[in-house]
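Here the structure is laid out as C-alpha cells; the discussion comes afterwards.
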Amino acid sequence: MAQAGQQNRMAPEDRPRPRNVPREEALQLEGYRHACHVMLYAPTTAKLFERVPIRYVVLMMMRFDGRLGFPGGFVDTRDCSLEDGLNRELLEELGSTFNSLKVTENDYRSSQVRDLPQKGVTHFFTKELKLEEIEAIEKEGVNAKDHGLEVMGIVRVPLYTLRDGFGGLPAFLSNNFIGNSKSQLLYGLRTLRLLREDQIQDAMWTSQNS
C-alpha cells in the first residue's frame, strides 16, 4: 500500500510516458479503464483582424476541474464499442447536434496505455466537419446535459502566432491540460497537417520559454 501511495504521488514528469499500442491490443487489456476523446475540426477562410489566417477551427473544452481537454470520456468496452460509447459522451457534453453527427471507426487515430497513476487506455479520434456543423455544436453546447457541470464551455484553439511571438498558439499551449490531451492536440495538428512542423515546434518552444 505504501508503495502504491508513493507511485500516485510521483510528479507527472517522473511517471512513465504512455505507450502507443494497436487498437485491438488495447481492447484486449484486462484491468484497464478505457477513455475515448475526439478532436473536431473544420477548415475556415476567416481571418483575425482581416489579416491573420485562422485556417482551421479546432474544438476543445474547459473542464470542471479548470483544465483543457477534448470532448469524450470513459467507455465501458464490455457493453458497447468505442465509437458508441464516445458518441454517448458527446451527446451529453456537446448536445443534440450529436443525434445526427456520429464519430465512426474511420475517425479513429491512436491508442495509448498508461499504468500510473492508474491503469488506463486513451483512444483518440479526429473528425473533420463543415464549418456550419462546428458552429451548430457551439450553439447547441449551452443546452447540453453536462454544460455548466462537467463542461464549463467549448473553446477554439488558435492556430496562429501573433506579432508579439507569444499570443495565439504559444499562449494556448501554456494552459493546464488534462492527461495527454496536449500531446493529442499536437499529434492531431501534425498528422492532419493543419500546421507545418516548424510552426508547431516554434509554438512549443515559445510556450515553454516565455
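The dipole here belongs to the stretch 117-195: it is taken about the Cα centre, uses +1 on the Cβ of Lys and Arg and -1 on the Cβ of Asp and Glu, and is about 380 debye. Within the full protein context, the accessible area of residue 84 is estimated at about 90 Å² for a probe radius of 1.4 Å.
Springs between Cα atoms under 10 Å define the GNM used for the chain, and in it the highest mean-square fluctuation of 144, 35, 46 occurs at 46.
Taking Cβ atoms as reference points and 10 Å as the exclusive limit, the residues near residue 145 contribute a net charge of -4, counting Lys and Arg as +1 and Asp and Glu as -1.
Residue by residue, the stretch 134-142 carries 3J(HN,Hα) couplings of 4, 5, 5, 4, 5, 5, 7, x, 5 Hz when phi is fed to the Karplus relation 6.51 cos²θ - 1.76 cosθ + 1.60 (θ = phi - 60°); x denotes Gly or Pro. Each residue of the stretch 115-128 is assigned a 3J(HN,Hα), and the resulting list reads 9, 10, x, 10, 6, x, 10, 10, 9, 10, 10, 10, 9, 7 Hz, derived from the Karplus form 6.51 cos²θ - 1.76 cosθ + 1.60 (θ = phi - 60°), x at Gly and Pro.
Taking a straight line from the alpha carbon of residue 119, these lysines sit under 24 Å away, with near neighbours fewer than eight places off in the same chain left out: 182. Placing +1 on the Cβ of every Lys and Arg and -1 on the Cβ of every Asp and Glu, with no other charges, gives the chain a dipole of roughly 560 debye about its Cα centre. Ranking 45, 71, 31 by how far each Cα lies toward the positive end of the dipole of the stretch 26-124 (charges on Cβ) leaves 45 at the top. Amide H contacts under 5 Å for residue 39: 125, 126, 127, restricted to partners 5 or more places along the chain or on a different chain, H placed in the peptide plane at 1.01 Å from N. Accessible surface comparison of 152, 39, 62, 204, probe 1.4 Å, protein chains only, largest first: the order is 152, 62, 204, 39.
Taken one residue at a time, the phi angles of the stretch 200-210 give Karplus couplings (6.51, -1.76, 1.60, θ = phi - 60°) of 5, 4, 4, 5, 5, 4, 5, 5, 8, 10, 10 Hz. Gly and Pro are set to x. When the surface is traced with a 1.4 Å probe over the full set of protein chains, residue 140 keeps roughly 60 Å² accessible. Computed over the alpha carbons of the chain, Rg followed by Dmax gives 17.6, 59 Å. Take every DSSP beta bridge whose two residues both sit in the chain; close to 70 percent of them are antiparallel. Charges were assigned to the Cβ only: +1 to each Lys and Arg, -1 to each Asp and Glu. The resulting dipole of the stretch 21-62 about its Cα centre is roughly 340 debye. Of all segments of the chain bounded by chymotrypsin sites (Phe, Trp or Tyr not before Pro) found in a DSSP loop with no more than 12 other C-beta atoms within 10 Å, the longest spans 65-210. For residue 177, the residues 5 or more places off, or on other chains, whose built amide H falls under 5 Å of its own are 68. Taken over the stretch 93-186, the percentage of Cα pairs per 10 Å bin, counting from 0 up to the bin with the maximum distance, is 13, 32, 42, 13, 0.
The values are calculated or read from the model by the stated rules, or taken from the named source; none is laboratory data. Source: prediction; values computed, not measured. With ideal geometry, Cβ positions are generated from the backbone for all residues, glycine too; neighbour counts draw on all protein chains shown. For the accessible areas, the whole protein counts, side chains as well, though only heavy atoms, and no ligand, DNA or RNA atoms are used. Shrake-Rupley method; radii C 1.70, N 1.55, O 1.52, S 1.80 Å.
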